[in-house]
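Quick note: the coordinates plus some simple rules give every number you see, no bench work behind them. Small disclaimer: the values here were computed from a predicted structure and weren't measured. Glycine also receives a Cβ, built like all others from the backbone with ideal geometry; neighbour counts cover every protein chain displayed.
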Amino acid sequence: MSLDISWFVEHWIASSLLVIYVSVLFYNAYVGNKAATGVGGYYVGNRQLGGTVVGISFFATFASTNTFIGHAGKGYDYGVAWFTMAVLLVIFSWMSWRWIGPPLRRFAAAWDALTIPDYIRGRILGDNPDAERHPLLLLSASVIVFASILYLLAIFKGAGHLFQIFLGVPYEVAVGVTLLVVVLYTSIGGFVSVIRTDAIQGVLMLIGAMTIFYFVTKAAGGIKSVGQLTDMPGKEYLFDLNGAVPFAVLLGVSLSGALKLIVDPRQLSRFYGLKSDAEVKRGMWIAVLGMTLILACMFPIGLYAHLIFENVTDTDLIIPQLVNDPVIFPFWVTDLLIVSIVSAAMSSMDSVLLVASSTLYKNIISPFKTIENEVRWSRAAVIAFACISAFMALNPPGDIVGITIFSGSLYAVCFFPPVVFGLYGRVASANTTLASMILGMSTLALWITLGLSALLHEVFPALLVSASVYWLQSSKETAAEV
């Protein structure tokens with residue numbers, strides 16, 4: 001398979017929009033580069049950003065190819081029970097802005113925190129002179145680096161499928177194109193570039209989600225056409241909460257995905273850049289409403305696909321195939337959607353790259369090595385992470401949702417206790433926090449290894465263990481101090 005030049009001629013609207021889109025990305029990189037005079041400017045925009053752009057960035061960062069490709073397609077396998085994920089995502093979006101954002105922003109500003117391990121250091125280790133090299137911070141940073149690579153791998157897989165189908169290029173070339181674009185504008189412009197770009201991408205994603213919903217619903221026979229599935233042989237499971245998998249397992253998958261909104265470093269880093277609590281309030285409703293609209297449009301697509309396709313084997317390909325079908329979408333709509341879905345992929349990649357590189361630089365390299373040109377090292381880390389993840393995406397270990405859910409489970413068992421409990425006064429010692437992380441991750445791995453995930457999702461027992469250890473031991477420590 002080779003690049004078909006005629007595609008660019010036929011889809012001249014998409015070609016023109018992609019050129020404009022990439023040009024805007026690089027302009028934002030130029031603006032961001034001017035603001036990146038130090039690591040504070042490069043990673044959190046000197047904490048001077050407004051709630052409107054950060055609110056858009058919040059939902060745009062989360063609703064990537066994971067939503068447009070992975071979540072939308074999974075409805076084909078799980079039916080209406082899959083809407084549990086959408087409901088929890090909206091609820092946890094609100095919780096993140098209402099209960100996590102305000103205190104986290106204040107703590108981050110007070111301690112000049114750039115990363116989640118920085119927050120943990122300020123909250124738990126305090127003025128400990130050896131804090132930077134404490135095993136708790138090194139483990140926290142390592143988890144973020146590992147989980148970020150997994151998440152980037154999943155996004156590269158989604159973007160690769162998009163370009164492969166739309167442009168008619170080999171999957172490997174598609175991944176390479178994605179790598180080149182995202183590395184250039186993210187490494188140059190940093191946080192300011194990412195936020196400015198996400199604001200544009202968020203608007204494109206909203207338009208794209210509504211457009212996909214309209215045309216796919218029309219092709220399936222209208223909103224009420226879903227009722228036809230109840231009369232079709234072999235489709236009854238789509239309306240049974242336990243039809244595809246036990247609901248307890250599906251609830252665990254949904255919870256693991258939703259918990260990321262209050263513990264995932266790429267989401268929490270948005271709060272670091274806000275300049276005031278007033279901006280948190282302004283951004284909250286933008287983020288929640290944007291998330292709600294995108295999810296309401298994309299999650300039903302998997303159900304409608306049963307009325308359009310037969311024998312789908314890879315649900316990650318449902319959206320690309322639908323959008324590329326001229327019977328369903330006029331060519332000019334397809335062209336608009338290509339740009340919209342590409343923007344969905346880019347909006348998460350840039351954020352994850354910044355979080356991973358900031359953690360690597362600030363919490364793994366910096367404690368052991370004196371760094372002279374901090375921004376240059378940060379940019380090198382962005383490039384390295386992107387290249388490693390793109391290489392791994394050439395032979396991905398699973399589907400998009402599966403990969404991202406596992407990374408969400410890691411974040412939940414490690415960071416829920418110190419972040420959520422810690423923000424509201426329940427502060428454990430460093431050793432207790434470290435033990436809760438290790439035991440939580442061990443439970444996660446053991447549950448999966450024993451094959452118990454088919455009965456109950458691994459996030460439930462793992463989170464129960466980590467949260468219980470943190471809470472109970474912190475209670476004993478508090479009582480001992482009294």
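Values computed for the structure shown
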read-out	value
Dipole of the chain, positive end: most advanced residue of V263, W82, A393 [Cβ charges, Cα centre]	V263
Computed magnitude of the charge dipole of the chain (debye, nearest 20; Cβ of K, R +1, Cβ of D, E -1)	1240 debye
Peptides ranked, highest mean first, by Cβ atoms within 10 Å: ranges 273-282, 257-266, 224-233	257-266, 273-282, 224-233
Cα lying deepest toward the dipole's positive end in the chain, options P233, V182, L360, charges on Cβ	L360
Modelled FRET efficiency - R0 41 Å, Y171 with T449, Cβ distances, 0.05 increments	0.85
Calculated [θ] (222 nm, deg cm²/dmol) that DSSP helices of n ≥ 4 give over the chain, each run adding -39,500 (n - 2.57)	-23000 deg cm²/dmol
Signed unit charges on C-beta, dipole axis of the chain, positive-most listed residue L17, L204, G122	G122
The chain: DSSP helices with Cα axial extent of at least 30 Å and average Kyte-Doolittle hydropathy no lower than -1.0	12-35, 135-167, 171-220, 277-298, 331-359, 459-481
Out-of-range pairs (alpha-carbon distance over 22 Å; input K260/K369; K34/K157; K74/K260; K218/K260)	K260/K369; K34/K157; K218/K260
